Amino acid sequence: MKLLVGLGNPGRDYASHRHNVGFMVVDEVMRRASASWSAKFKGEVGRLEIRSHSAIALKPQTYMNLSGESVGACARFYGVGVEDVLVIHDELDIPYGEVRVKPGGGHAGHNGLRSIFQHFAPKGDFARVRVGIGRPKHGDVSSFVLSSFSADERIDLDTVLQRGADAVECFVTDGLHTTMNRFNTR
């Protein structure tokens, strides 16, 4: 069984922010599977099937900086090992609209990933779907990630979310290496 973790911040005030693109992608995966959410593990959890493969989706409701508490509790409850966890998150170092898949690595200052390192996977050896939000040309990075997508970005946002959901589904059905080969081409 795979655990699919979308990162974001709970509440309406944050719903359209760049930092919530992980939530948005996981919501699309759940919509496609006609699955529903319930409250558990300080998060929203849903069981789903993707082409006869079982998975658990999770949206931590602890705010980004404490996401690892929810991830660790959920993974332990379902007996999911780090190799079967996929974290979907925003990525400043990838241009807006690009989706990339990676097998692990550092947290690069991302507080949600940092929390997962602290509470679940200290080596960071979980797979990621990184959804590019780009860097601000000037100004504070924190303000940028906690702001809504621009009008121009919103034009393509549905396509970006669809591509992210496609990558998540590919990970569940075909594994990490196939997903990387399919989605990391430019």
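Beyond a 22 Å Cα-Cα separation, which of these cross-linked pairs lie in this structure: K40/K123; K2/K40; K59/K137; K2/K42? Correct reply: K40/K123; K59/K137.
Of all DSSP bridge pairs formed entirely within the chain, close to 55 percent run antiparallel.
Considering only L66, A151, G139, and ranking their Cα positions along the charge dipole of the chain that arises from unit charges at the beta-carbon of Lys, Arg, Asp and Glu, the one farthest toward the positive end is L66.
About the centre of its Cα atoms, segment 2-183 shows a dipole size close to 320 debye [charges on the beta carbon of Lys, Arg (+1) and Asp, Glu (-1) only; nearest 20 debye]. Report the Stokes-Einstein translational diffusion coefficient (µm² s⁻¹, integer) for segment 70-143, Rh taken as the Kirkwood radius over Cα pairs, at 20 °C with viscosity 1.002 mPa s. D = 163 µm²/s.
Estimated purely from DSSP H runs of n ≥ 4, each contributing -39500 (n - 2.57), the mean residue ellipticity at 222 nm for the chain is -11500 deg cm²/dmol once divided by its residues.
Over segment 2-183, calculate the relative contact order: mean separation of alpha carbon pairs under 8 Å at least 6 apart, over the residue count, as a percent. Each step should come with its number before you reach the end.
On the way: 373 pairs, mean separation 49.3, N = 182.
Normalised by residue count, the contact order of segment 2-183 is 27 percent.
In the elastic network of the chain, a GNM with C-alpha springs shorter than 10 Å, the most mobile of G97, G105, G132 is G105.
Over the Cα atoms of segment 139-186, what is the Rg over Rh ratio if Rh follows Kirkwood?
Values: Rg = 14.3 Å, Rh = 12.7 Å.
Radius of gyration over Kirkwood radius for segment 139-186 works out to 1.13.
Toward the positive end of the charge dipole of the chain, with +1 on the Cβ of Lys and Arg and -1 on the Cβ of Asp and Glu, the farthest Cα among A75, V45, M24 is that of A75.
How many Å³ per residue does the convex hull of the Cα positions in the chain occupy?
Numbers: hull volume 19.9 nm³, N = 186.
Residue-normalised Cα hull volume stands at 107 Å³.
Read the figures in this text as sums done on the coordinates, not as results from a lab. Since the model is a prediction, treat every value here as computed from it, not as a measurement. Cβ: placed from backbone, ideal geometry, glycine included. Neighbour counts: every protein chain shown.
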